[in-house]
Structures are given as C-alpha cells and as structure tokens.
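J.: Just passing along the structure, written as structure tokens.
The values are calculated or read from the model by the stated rules, or taken from the named source; none is laboratory data. Treat the numbers as computed from the prediction; the structure is a model and nothing was measured. Cβ placement follows ideal geometry from the backbone for every residue including glycine, while neighbour counts extend to all protein chains displayed. What goes into the accessible areas is simple: the full protein's heavy atoms, side chains included, and nothing from ligands, DNA or RNA. Shrake-Rupley method; radii C 1.70, N 1.55, O 1.52, S 1.80 Å.
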Amino acid sequence: MIRCLFCLLMAMTLFACASVGSLEPVVANSINDGNTRRVLAVDRWHLVGRLSVRHGNQSWLSRVEWRHIKRLDVLTLSTSLGGVMAKLSFSTDGVYLTNTDGYTRMITQVELESLLGYSPPLQQLKYWVRGVADPAFGFIPHDFAVADGRGFEQTRWQISLERYYRLDGLVLPKKIVAEKGDLKIKLMVDEWLS
C-alpha cells in the first residue's frame, strides 16, 4: 500500500480557486522559443488534474493538485471522492512527505527510491508539466506523429506533450506523459488556477 501511495505521489509529478482564463486550442507546431521563455519566467502556478502511473504490471489512478511557488512544489494526491491520500513538498532543499494523519517528515532521495523501486524525476517534472524541458539538462527533440503534440528525451525519460492550449499568453500542454523503462506517468491537466 505504501509503495502504491508513493508511486502516485512521485508521479506528479501533473490542483476552491478561480480560473485564470479560458483555454484556447493551439497546434503544437506553432509553439516558438518565446513561449518557452515566457513559461520559464512564471514563478507561481497551480493546476488540477488526473494522474495515472503504471509500473510493470501495477497501475494507480489519483486526482492531483499541484502548486508551484518560486522554488517550492507541493503536490496533493486525493481519491476521486476528494479524500487526501498524501502530500509531497519538494525543493532543492529536500523532499517532505505528509501522510494521511498529518505527520510530515523529510525523506531522502535514497529512501524515496527504496520505497518506490525507482528514482522519480521530481525536479524535471515541474518543467515537463508546463511543456518545456528542464533548462539544467540537455534534451533531444523528437518528431511527433500527431499535429497537436511534441516530444523530447531528457535524462533518459521519453516525454510526450499533447493537446496544447493558449492560456493568458502561454501555450501549455493538457496531456503530459513521461516514460522510462516499464514506468509510465501520465497527467491530464483539467484546469490551471490562480
């Protein structure tokens, strides 16, 4: 059970607030470098979505709320009925896990990997979910088979970004898939919030 909870928690890693604007569909091949600069300049964002994780022959589903404020990311995972399963807070200073009883503790990357059975790409996920590669690492762009998608490889993860929308001057993906080996993390963004 803990392994399942941690797998969900680490995946997203994809959130009552007001909407920041309506979503306008955009064709992915119209995205330019200016959009990447604008996306990277935003230091506060908040999204709500659905998260699925498949690792080997196991899979998990969850609702996810993700708040990013400057260097801090907070992911809240909940059931489809709204019950909070866990909260994960992370920054360059460390990773903190809050369980369903409200107990918070710092966990090491080694402990996290031991609990999950894999090393989650926490620091990169906050970029990928916004449709850009982590600027701290190189990446290889991929050709994509559908008109509304883009993809790249970064830190041995295959990233697929689909169903782009324009929101307040930014072009953001609605569907984010990260794959490495037999691990597949998928986030469907339902809403960007203020």
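J.: With each pseudo-label sitting 7 Å past Cα toward Cβ, what's the Gln158-Asp190 distance in nm, one decimal?
T.: Going by the 7 Å Cα→Cβ label model, 2.9 nm.
J.: If Lys and Arg each add +1 and Asp and Glu each add -1, what is the summed charge of the other residues whose beta carbon sits under 9 Å from the beta carbon of Ala178?
T.: +2
J.: Calculate the dipole size of the range 57-194 relative to its Cα centre from +1 charges on Lys and Arg beta carbons and -1 charges on Asp and Glu beta carbons; express the result in debye to the nearest 20.
T.: Using Cβ point charges on Lys, Arg, Asp and Glu, the range 57-194 gives about 200 debye.
J.: If the chain between Thr108 and Ala136 were fully stretched, how many nm would it gain, using 0.36 nm times the residue separation less the Cα-Cα distance?
T.: Gain on stretching Thr108 to Ala136: 8.0 nm.
J.: Between Ser80 and Leu61, what length in nm is gained on full extension when 0.36 nm per residue of separation is reduced by their alpha carbon distance?
T.: Additional length available on full extension: 6.0 nm.
J.: Right, another one. Ignoring everything but the protein chains, give the 1.4 Å probe accessible area of His55 in square angstrom, nearest 10.
T.: My reading of the accessible area for His55 is about 40 Å².
J.: Which whole-number percent gives the relative contact order of the range 30-125, counting Cα pairs below 8 Å spaced six or more residues apart?
T.: Taking the mean separation of contacting Cα pairs over the length of the range 30-125, I get 14 percent.
J.: Hey, if we sort Asp143, Asp134 by accessible area with the 1.4 Å probe, largest down, what's the order?
T.: Heavy-atom accessible area, descending, gives Asp143, Asp134.
J.: Order 124-131, 155-162 from most to least packed using the mean count of other Cβ atoms within 10 Å.
T.: 124-131, 155-162
J.: Let me ask something else. Per the 1.4 Å probe, what fraction of the accessible area of the range 42-90, in percent, lies on carbon and sulfur atoms?
T.: 51 percent
J.: Could you compute how much accessible surface Ser62 exposes when probed at 1.4 Å, giving the result in Å² to the nearest 10?
T.: Ser62 has an accessible surface of roughly 10 Å² with all protein chains in place.
J.: Something else about it: How far apart, in nanometres, would the label points at Leu40 and Asn99 be if each is projected 7 angstrom from Cα along the Cα-to-Cβ direction?
T.: 4.0 nm
J.: Separate question: Give the accessible area for Val110 in Å² (nearest 10); use a 1.4 Å probe, count only protein heavy atoms, and leave out ligands, DNA and RNA.
T.: Rounded to the nearest 10, that gives 110 Å².
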